[in-house]
1. Compute the FRET efficiency between B:Asp295 and B:Ala466 as 1/(1 + (r/R0)^6), taking r as their Cβ-Cβ distance and R0 = 25 Å, and round to the nearest 0.05.
2. So how do B:Arg296, B:Arg455, B:Arg414, B:Arg203 rank on accessible area, 1.4 Å probe, biggest first, that is with the largest at the start?
3. Among A:Val33, A:Pro56, A:Ala15, whose Cα lies farthest out toward the positive end of the dipole of the stretch A:1-61, if unit charges sit on the beta carbon of Lys, Arg (+1) and Asp, Glu (-1)?
4. Modelling each spin label as a point 7 Å along the Cα-to-Cβ direction, I'd like the B:Thr103/B:Asp270 distance in nm, to one decimal.
5. Using the beta-carbon distance between A:Phe18 and B:Ile248 and R0 = 30 Å, what value does 1/(1 + (r/R0)^6) give for FRET efficiency, to the nearest 0.05?
6. Using a 1.4 Å probe, how large is the accessible area of A:Ser58, given in Å² and rounded to the nearest 10?
7. Determine the order of B:Glu453, B:Glu117 by accessible area, beginning with the largest, at a probe radius of 1.4 Å.
8. Once you have the Cα-Cα distance between A:Val33 and A:Lys4, take 0.36 nm times their residue separation minus that, and quote the gain in nm to one decimal.
Amino acid sequence: MAFKIIASQCTQCGACEFECPSGAIKFKGETYVIDPKKCTECEGTFETQQCASVCPVSKTCVPA
Amino acid sequence: MSAPMISLQGLSGTTVFDQSPARAKSGGCASSSCGSSAKPHEMDSAVWEKIKDHPCFSEEAHHYFARMHVAVAPACNIQCNYCNRKYDCANESRPGVVSERLTPDQALRKVIGVANEVPQLSVLGIAGPGDACYDWKNTKATFQRVAKEIGDIKLCISTNGLALPDRVAELAEMNVDHVTITINMVDPRIGAKIYPWIFYGNRRYTGVEAATILHERQMSGLEMLTARGILTKINSVMIPGVNDEHLIEVNKWVKERGAFLHNVMPLISDPAHGTHYGLSGQRGPKAMELKALQDRLEGGAKLMRHCRQCRADAVGLLGEDRGQEFTLDRLPDKVTYDASKRETYRAVVARERGDRLAAKSEALGMVKTAGSGKSLLVAVATKGGGRINEHFGHAKEFQVYEASPKGISFVGHRKVEQYCLGGRAEDKSLDGVISTLEGVDIVLCARIGNCPEDRLKEGGIRATEAYGYDYIETAIGALYAAEFGSEPLAATA
Ligand code: SF4
Ligand code: SF4
Ligand code: SF4
């Protein structure tokens, strides 16, 4: 399972990138994207998904 | 003795200090209360050295020096109800809004480009959108690169305070000697109405719990900065019905913890900005409400009254924004720093400043000898240098001064829509100007046409160009004496 970013809502602030414990988030082209192969949904590391907890726009980092 | 004729037109582009001989005379300062803002003789010299070229920290310096902000740190760790990070519109000027976000390398190019063209530049700030202490990697890289190239530029940051305690040691190492913390509450129950959430310790907190953590971090950050001798300015957003009364308490707390300046700013809430407050109909305060609160705070932590709530990437003197001249696409690919303009400018300012200070103390003498208990609210059109040197119709803002038996002090500015656009006078905007100037007795400007002068008079506001190109305080002193003095003095010596 993995998370994804709804690109049209993203403000490109980059907060999710540096909070992601798996290094799954990168800036690609015009927007931030989550690499589903790397995303662990933060399981075993944090109680909540870091990207979703720090993102300023609700429903932007969501289950893929 | 008259002040030297100095034209910095060629140097500064937009700011001309002196277009006619100053009519000010010098005199000894007999008063220990020259205005309410920081003056050299009322503070210790180490502090004065730190703020004297900083337009945001010193009211006196804001007439001479310029700041620029670079938006390199867009990530933030809290949410404020007055902020919407989803939209930033290039046509707006308000805090947190930028037209371009930069990488540290782009920021360096821009800072050098501006330093070469704007000799008034003295401060580089990193503020919103985002939090400079949270988005630390970008902030630090930018400061390090710039400090290496331009050794004498002052570095400062704005922060919400949540991550601040973790950064104080590094800030001190990098010689950052000014920090602004936005503190809107000391009571977490009020905080819960301003901050829907914070992200801290790898999780999101909401409600009173979130506000409690934020409050504790803000207070400890402030104390740590004070302990290291780093000057702190506190910004508070005045939100009517939410924290307006409470800001009196905030002022007390921050003063006790060593804050140097307290800047109470009006909430900006327009539904078009898409912020929570904008959408929920929370209103911002009126100019006179803001002034009333600031007056009640007098005597607590020193108040800042000259804040322009500038765009997060503003460039230039406070009250002007030349940011559009320095967007990345207008800068050369390769820039090299040339210190000569900034050095020449500083030498001129040093002289001009001394003259203005002398003129000011003489003006104060005039207000005192007038022996009147009354106060006078004066709006001034200026484009810098501490002089009345702007045309009424060209002014984008008026600086408001109050003359009273206590002295002459700057009390704030009022932004207006320019009345003269491209040579054509707009009647509609004149109505707006008149209502913005509510409460003001007299407008001083370099030039004004008969028609707007008459219209202002109908609105109960007098306007005159009689003091054009004088120092602001000199003119106000003469005006006050003429209005209230027992023997009217000549307007100028
Ligand atoms: S859910 Fe966790 S691991 Fe997956 S992208 Fe978000 S922060 Fe990274
Ligand atoms: S935190 Fe949200 S808004 Fe910011 S870059 Fe990530 S997805 Fe975009
Ligand atoms: S701290 Fe600044 S960027 Fe963050 S939400 Fe508040 S106003 Fe916006």
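The values are calculated or read from the model by the stated rules, or taken from the named source; none is laboratory data. As the structure is a computational prediction, the values presented were derived from the model and not from experiment. Heads up, the Cβs are rebuilt from the backbone with ideal geometry, glycines too, and the neighbour counts pull from every protein chain shown. Surface accessibility is based on the protein's heavy atoms, side chains included, excluding ligands, DNA and RNA. Shrake-Rupley method; radii C 1.70, N 1.55, O 1.52, S 1.80 Å.
1. Working: r = 29 Å, r/R0 = 1.16.
Efficiency, from the Cβ-Cβ distance: 0.30.
2. Values: B:Arg296 135, B:Arg455 55, B:Arg414 20, B:Arg203 95 Å².
I get B:Arg296, B:Arg203, B:Arg455, B:Arg414, largest accessible area first.
3. It is A:Val33.
4. Rounded to a tenth, the inter-label distance reads 3.3 nm.
5. Working: r = 38 Å, r/R0 = 1.28.
Plugging the Cβ-Cβ distance into 1/(1 + (r/R0)^6) gives 0.20.
6. 90 Å²
7. Numbers: B:Glu453 55, B:Glu117 95 Å².
I get B:Glu117, B:Glu453, largest accessible area first.
8. Working: separation 29, 0.36 × 29 = 10.44 nm, distance 0.69 nm.
That works out to 9.7 nm of additional length.
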